[in-house]
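> This is the structure I want to talk about, given as structure tokens.
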Amino acid sequence: MNASIYEDLHTNLKYKKFKILVEVTTAVFLELEELKKLYELDLKDKPHYELARDIFIIGCEIGQRISDYHNLKQYTIIDYSGEKYIKIKQEKTQKEVLCKITPVISRIMKDRYNDSLPPKITEQKLNSYIKIIGKMAEINTQIKNEITRGGSKVIEYKPKYDFIMGHSARRTFCTLKYKAGMQVHSIMELSGHTTVKEFMKYIRNPKEERVSQITETNAFKNSCISI
């Protein structure tokens, strides 16, 4: 409508009165204990689940979008200052980022993929399998889910594994790094986010925890007025 009005195709401005209602989705991140349970789950007899789990764990370690980490084989590994990195060109932004090969990633590569990055899995399969794997790992904390149906607000509780998907890896990376005290702009440099506003959508720890983290910094150790 905006484009057509600039081209003088109409003069009707009533469409500007329409408002788009936005509902915050129930998106989750995994705590460190939950990640460990996922990582240590024995899936040797289920290779398709094992692959999905390994790729998801790597996703949690590098903080990229599912579109950028479900096919790790397409990327190159480079050496820089004695460390190994996965060089990724993000599909959405075309931004180039370096993702460090952490000890966990290195162990996954060594134990199951001959020191190489794991093969590709489709986004659909990853989203489907990771819920099943989460259930197997007993990541079943009850999560409150609010949704509007027929104009009415409905509140329901579901186990956490129901909400895990490929994109949860990126949220996990950002949230855990933030909770660990890493500076926002440092995390953004690693994840490839371009604005703080977009980045903050990924931080899913409770507001009370965020405020507590801020007030534990040096700036809040003393009152403004000396007593």
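The values are calculated or read from the model by the stated rules, or taken from the named source; none is laboratory data. All figures in this text were calculated on a predicted structure; none of them were measured in a lab. Neighbour counts run over all protein chains shown; Cβ positions are idealised from the backbone, glycine included.
> Can you name the residue in region 176-194 that is assigned to a loop (DSSP other than H, G, I, E, B) and more than 19 Å from ILE88 (Cα to Cα) and is also modelled with the lowest pLDDT among such residues?
GLY181
> Residue by residue through region 83-132, note down the ones that are more than 13 Å from LYS73 (Cβ to Cβ), in a loop (DSSP other than H, G, I, E, B), without any contact (Cβ under 8 Å) to a residue 24 or more places away in the chain and not charged (D, E, K, R).
GLN94
> Within region 47-64, is even one residue surrounded by fewer than 10 Cβ atoms within 10 Å (Cβ to Cβ) and farther than 26 Å from TYR157 by Cα?
Checked region 47-64: no residue is surrounded by fewer than 10 Cβ atoms within 10 Å (Cβ to Cβ) and farther than 26 Å from TYR157 by Cα.
> Cβ contacts < 8 Å: first residue in contact (Cβ under 8 Å) with a residue 40 or more places away in the chain, restricted to region 161-187; second residue of a type in the set (Asp, Glu) and buried (at least 18 other Cβ atoms within 10 Å of the Cβ), any location; separation 6+ or different chain. Result?
PHE173/GLU61
> From the list ILE143, ILE86, ILE133, ILE101, pick out the single residue that is under 20 Å from PRO47 (Cβ atoms), under 19 Å from the mean Cα position of the chain (by Cα) and surrounded by 15 or more Cβ atoms within 10 Å (Cβ to Cβ).
That would be ILE133, the only listed residue that is under 20 Å from PRO47 (Cβ atoms), under 19 Å from the mean Cα position of the chain (by Cα) and surrounded by 15 or more Cβ atoms within 10 Å (Cβ to Cβ).
> Please report, ordered by residue number, the helices (runs of 4 or more DSSP H) entirely within region 1-79 with at least 1 residues that are β-branched (Val, Ile, Thr).
2-6, 47-62, 66-69
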